[in-house]
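K.L.:
I have a structure here, written as structure tokens, and I will follow up with some questions on it.
Each value in this text was obtained by applying a stated rule to the coordinates, not by laboratory testing. Since the model is a prediction, treat every value here as computed from it, not as a measurement. Cβ placement follows ideal geometry from the backbone for every residue including glycine, while neighbour counts extend to all protein chains displayed.
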Amino acid sequence: MKKALFVFMAIFAIAAYADEGMWMPQQMPQIAAELQKAGIKIDPSRLTDLTGDPMGAVISLGGCTASFVSPDGLVVTNHHCAFGSIQFNSTPQRDLLKNGFLARTREEELPAGPGSRVFVTTKIEDVTPLVTGKLSPKLGDVERAKAIETNTKTLVSECEKPGGVRCRVASFFEGSQYLQMTQMEIRDVRLVYAPAEGIGNFGGETDNWMWPRHTGDWSFYRAYVGKDGKPADPSKDNVAFHPAHYLKVAQTGIKPGDFVMVAGYPGRTSRYRTEFEVQQAKDFSLPTTIRYYTDLSKILSDLGANNRQTQIRNAPRIRGFDNTLKNYTGTLSTLNKGTILQQRHQREADLAAFLASHPDAAKKYAGVLDKINKLDKESAATRERDAVLGMTVRSSPLLSQASRLYRYSVEKAKKDLDRAPGFQERDVPMLQQSSARAQSSIDLPSDRAGLRYMLIETTKLPAGQRIAPIDAALAKTGKSGTEAVDALLDQLYANTKLADLEARKAMLGETKAQLEARNDAMINLAAALYPLDKAIEDQERQVTGAMSRVRPLYMEALREMTGGKLYPDANSTLRITFGNVKGYSPKDGVWYEPQTTVFGVLQKDTGSGEFDSPKNLLAAISGKKFAPYGEPQIGGAVPIDFLSNVDTTGGNSGSPTLNANGELCGLLFDGTWESRGSDFLTDENTRSIHVDAQYMLWVMDAVDGAHNLLQEMGITPKF
């Protein structure tokens with residue numbers, strides 16, 4: 001199996017240029033020459049060992065990346081990755097979001113919140129033969145999709161039998177290959193340190209995705225396990241986890257041209273989406289999401305304008321909306337310029353020309369692109385309805401909880417292997433914990449306002465794409481227009497107990513009949529929507545089954561045309577990307593330096609809003625006591641953020657940035673505005689933004705006095 005894995009990777013080994021590509025650890029020996037040319041000093045083969053140094057220190061938080069930085073399980077990640085934990089522990093009386101938090105002893109550390117996890121990847125195996133190797137070509141599309149799903153769930157079940165691990169089977173190269181990841185699942189995670197908002201989120205949404213940047217985007221957790229060293233549920237009796245490896249924090253900074261490498265869990269890229277699929281993103285999915293998120297963010301922000309409790313409860317949702325908005329707005333701007341669509345059009349034209357001149361390939365890949373486009377067009381036929389339905393559920397935390405509870409009541413009556421993913425027995429703890437965590441974000445006026453907005457949107461759908469259960473519920477009120485919407489909302493919120501955590505706990509244990517017998521209005525609405533949800537899911541399964549036949553052929557055709565110059569799209573699995581510290585020119589006559597300094601904070605600070613720096617930070621900067629954290633190439637000032645040309649995307653947030661010696665020199669946290677199309681296509685100006693470890697250390701030392709953590713990381717405080 002290992003030999004087969006190596007052979008497959010060799011086929012897809014080379015990118016278009018050295019700093020493009022999110023490489024799997026197994027591919028490192030094949031790109032060793034490129035790594036060495038870029039400036040790496042450690043042996044590239046070390047990066048293939050997931051339990052060795054440094055890869056054994058790189059971990060996932062389930063949506064963000066992090067890394068161990070001490071022998072006692074101290075974890076560093078981005079401030080925005082820990083935002084949910086900070087919000088969970090915040091109140092108007094103890095406002096950690098605004099003022100930050102530092103535990104000076106282990107006893108002062110706070111729970112990260114229900115459902116918080118640290119995942120440590122320990123093994124990657126090729127399981128392609130076990131997923132698709134024995135599928136009969138006679139299977140229909142739905143049956144094929146079900147068979148692939150059953151095979152992956154069976155593999156995961158076997159993998160998780162020893163306990164204490166979380167396993168996942170992921171698709172690579174558009175279904176050409178399946179790899180199984182085994183991860184230690186640490187369930188007791190605690191918040192240790194987060195700087196004040198005026199450091200960790202300095203610049204807010206104004207500076208988000210922009211350069212120059214002056215944001216100290218870091219926070220610290222600690223991982224705990226049982227006394228036997230194995231993962232355990234949160235308990236005061238647990239002890240700090242002792243990782244086999246942790247990163248050494250560099251005590252000397254980086255400079256322009258230096259080699260840097262990022263290891264992490266990038267979420268999703270679309271480098272191999274077709275021209276039609278990119279056009280759909282440009283014409284519908286991106287502008288639709290932008291419109292809904294813009295309106296919902298404003299609704300929630302307005303409701304919290306004069307109420308700090310409401311602001312705190314809505315903070316995670318608003319920040320999520322706004323971050324996606326900035327990202328999608330930039331991506332859409334790039335798509336509107338036409339470069340990405342032109343590239344896709346040209347790639348498909350080149351493929352057609354290649355097949356026309358290669359009869360054997362033409363026979364093998366006949367009509368593959370046409371088949372993909374046909375399936376995509378079928379899916380797009382109800383895109384308006386499907387988008388509105390999904391957003392209606394997501395607009396209301398209560399309706400979202402009701403939908404999850406009702407779906408679980410349906411699924412748990414089935415055999416475990418026949419249940420939908422996310423509702424198996426392995427998922428029950430996370431269902432319970434997500435329900436508990438949701439309590440800190442439930443605000444009934446906000447919930448109602450968001451749902452009201454989306455219910456009005458449902459009334460605007462065209463005749464062929466109506467959401468019948470919502471139409472029926474509105475008609476039942478005997479009113480019309482917004483009066484019907486308001487009447488329905490009155491009935492929903494007056495007759496539900498979904499806002500009560502104990503009620504939700506009880507509901508999670510009930511059968512479908514018991515849940516329906518409650519006659520809870522929100523549950524009733526979720527139940528009414530379920531048949532349509534299921535019909536959409538079944539249609540998606542049919543498309544998935546059909547695509548599993550043709551997408552691998554499309555990838556193989558591209559590989560044959562390009563002579564092997566392909567790498568896999570990101571899919572939330574462990575990847576490595578590398579490059580150099582480097583500025584760029586966003587437009588004619590403009591050059592962006594690759595580093596910013598603390599003096600930029602003084603220039604931007606306004607004393608209010610997004611640019612309100614803590615007074616002790618401003619005093620420390622004005623005092624100019626920077627040694628030994630200052631850098632000579634920037635006049636002895638402390639660097640804050642830096643640019644590199646590494647290839648990253650969402651999910652990479654919190655990823656350790658390593659220097660040529662494999663030391664932690666920063667944390668990846670963002671990309672530039674000009675790079676917003678990079679999920680589809682990279683170019684010479686694609687840049688990632690990192691917070692410099694020297695700024696983190698200086699603030700911890702000279703500003704926040706986190707000397708206990710510095711010492712734990714092996715650094716002697718200087719202030």
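K.L.:
Which lysines have a Cα less than 20 Å from the Cα of LYS146, not counting those fewer than 8 places away in the same chain?
P.N.:
Those lysines meeting the cut-off are LYS134, LYS138, LYS412, LYS414, LYS415, LYS534.
K.L.:
Another question, if that's okay. Residue farthest toward the positive end of the dipole of the chain, with Cβ of Lys/Arg at +1 and Asp/Glu at -1: which of HIS345, LEU617, GLY464?
P.N.:
So the residue we want is GLY464.
K.L.:
Here's another thing I want to ask about it. What's the magnitude of the charge dipole for the stretch 531-653 around its Cα centre, counting Lys and Arg as +1 and Asp and Glu as -1 at the beta-carbon? Answer in Debye, nearest 20.
P.N.:
300 debye
K.L.:
Per residue of the chain, what 222 nm ellipticity follows from adding -39500 (n - 2.57) for every DSSP H run with n ≥ 4, rounded to the nearest 500?
P.N.:
Using -39500 (n - 2.57) per qualifying helix, the result is -13000 deg cm²/dmol.
K.L.:
What label, among (1) 27.2, 83; (2) 31.9, 97; (3) 25.7, 75, belongs to Rg and Dmax of the Cα atoms in Å computed from the structure on display?
P.N.:
The calculated read-out lines up with (3).
K.L.:
Between the stretch 287-346 and the stretch 644-719, what is the C-alpha centre distance in whole Å?
P.N.:
Each part reduced to its Cα centre gives a spacing of 24 Å.
K.L.:
Quick one: compute the contact order of the chain, relative version, from alpha carbon pairs under 8 angstrom and 6+ residues apart, as a percent.
P.N.:
After rounding, I find 24 percent.
K.L.:
Now for a different question. Decide, for the stretch 489-555, between rounded, prolate and oblate: order the square roots of the alpha carbon gyration tensor eigenvalues as a ≥ b ≥ c, take rounded if a/c falls under 1.5, and otherwise choose prolate if a/b is larger than b/c, else oblate.
P.N.:
prolate
K.L.:
In addition: Can you tell me what share of the DSSP beta bridges in the chain is antiparallel? A percent to the nearest 5 is fine.
P.N.:
Close to 100 percent.
K.L.:
While we're here: Taking the Cα centre of the stretch 593-662 as origin, sum charge times position over the Cβ atoms of Lys and Arg (+1) and Asp and Glu (-1), and report the length of that vector in debye to the nearest 20.
P.N.:
Here the stretch 593-662 has a charge dipole of around 320 debye.
K.L.:
Hey, another quick one. Rounded to the nearest 20 Debye, what is the dipole magnitude of the chain about its Cα centre when Lys and Arg each give +1 and Asp and Glu each give -1 at the C-beta?
P.N.:
Roughly 1000 debye, rounded to the nearest 20.
K.L.:
For the chain, list the cysteines whose Cβ sits under 4.7 Å from no other cysteine Cβ?
P.N.:
CYS665
K.L.:
Then there's this: Give me the lysines in straight-line cross-link reach of LYS337: C-alpha distance below 21 Å, same-chain residues under 8 apart excluded.
P.N.:
LYS282, LYS326, LYS587
K.L.:
If a/c stays under 1.5 just call it rounded; otherwise compare a/b with b/c (prolate if a/b is bigger, oblate if not). Do that for the stretch 222-370, with a ≥ b ≥ c from the square roots of the Cα gyration tensor eigenvalues.
P.N.:
It is oblate, given that a/c is not under 1.5 and a/b is not larger than b/c.
K.L.:
Express in whole angstrom the spacing between the alpha-carbon centres of the stretch 30-105 and the stretch 471-494.
P.N.:
A separation of 48 Å, based on Cα centres.
K.L.:
First obtain the Kirkwood hydrodynamic radius of the stretch 620-719 from its Cα pairs, then insert it into the Stokes-Einstein equation at 20 °C and 1.002 mPa s, and state the resulting D in µm² per second as a whole number.
P.N.:
144 µm²/s
K.L.:
Please work out the C-alpha center-to-center distance from the stretch 449-468 to the stretch 505-534 and express it in whole Å.
P.N.:
21 Å
K.L.:
Let a ≥ b ≥ c be the square roots of the eigenvalues of the Cα gyration tensor of the stretch 275-551; is it rounded (a/c under 1.5), or, if not, prolate (a/b larger than b/c) or oblate?
P.N.:
Prolate, since a/c reaches 1.5 and a/b exceeds b/c.
K.L.:
Now for a separate question. Sequence gap at least 6, Cα distance under 8 Å: using those rules, report the relative contact order of the stretch 275-551 to the nearest whole percent.
P.N.:
For the stretch 275-551, the relative contact order is 23 percent.
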